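See below for the structure under consideration.
Values in this text are rule-based calculations from the coordinates and carry no lab data. This one's a predicted model, so the numbers in the text were calculated from it and none came from an experiment. In this analysis, Cβ positions are derived from the backbone assuming ideal geometry, glycine residues included, and neighbour counts consider all displayed protein chains.
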Amino acid sequence: MDEVQNVLKIKIRVSPSSLTSLALNSILLEEVDRGLVTVDPEKGEVSIKAPRLSRGRAIMNSYIYWLYTILTTFEELGEEDGRESTA
């Protein structure tokens, strides 16, 4: 792949909690996003570097939705077990 100038850089930071690392480790990068997205569970962030605004927004929305889905699932599982949510 040729080197593409990135016009959009986005960082999504997840507030620290007991589930942050687990949630970020649960994200699987899609093949089309490799080279554009990095997930750093230690820092609690997802970084996106996109060559176009529309591509960056699409990637950002996708990863925000994934994080929301993962955290909601953790919360629902905790409620089923009678545990209090830590998210």
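Numbers below:
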{"read-out": "Order of Arg55, Arg34 - criterion: other Cβ atoms within 10 Å of each residue's Cβ, fewest first", "value": "Arg34, Arg55"}
{"read-out": "Residues Glu30, Glu45, sorted so that the one with the fewest Cβ neighbours within 10 Å comes first", "value": "Glu30, Glu45"}
